[in-house]
Amino acid sequence: MGSPSARKVGDRIPPRKQPAEPSGDASIGAAIVATLTSLKLQPEDAALAQLARLYAQVIDSMSPTVRMKMIHQHAPTLIRVLEQLGATPRARA
């Protein structure tokens, strides 16, 4: 016979593990907060900064599968918000 760990026909395949939920520095929200903190924002930038935080919070709250779709669909908008705040390489060039 084979080794004890060898699979046999009819053995159940264990379900795939879901990717870990974002936490700490792995989240979009944490990255946005770190980025916004590093900028010298003016009071008139508060609404755009809050919009960036809100986008990140919504993205982070999604399930892994939906999160990837959400990032794909909405990253361009979030990037435009960050550009307006001077938080992208293009904006700083």
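In the stretch 27-69, what residues are hydrophobic (A, V, I, L, M, F, W, C), part of a helix (DSSP H, G or I) and open to solvent by 40 Å² or more (accessible area, probe 1.4 Å)?
28, 31, 33, 34, 46, 47, 48, 51, 54, 58, 66, 68
Which one of these does residue 24 not meet: (1) open to solvent by 60 Å² or more (accessible area, probe 1.4 Å); (2) at pLDDT below 90?
Among (1) open to solvent by 60 Å² or more (accessible area, probe 1.4 Å); (2) at pLDDT below 90, the lone unmet condition for residue 24 is (1).
Test residue 93 against the criterion of being over 17 Å from residue 26 (Cβ atoms), among the hydrophobic types (A, V, I, L, M, F, W, C) and without any contact (Cβ under 8 Å) to a residue 60 or more places away in the chain, and give yes or no.
In short, yes.
The values are calculated or read from the model by the stated rules, or taken from the named source; none is laboratory data. Fair warning: this is a prediction, and the values are worked out from it, not measured in the lab. Backbone-built Cβ (ideal geometry, glycine too); neighbour counts: all protein chains shown. Note: areas computed on protein heavy atoms with side chains; ligands, DNA, RNA excluded. Shrake-Rupley method; radii C 1.70, N 1.55, O 1.52, S 1.80 Å.
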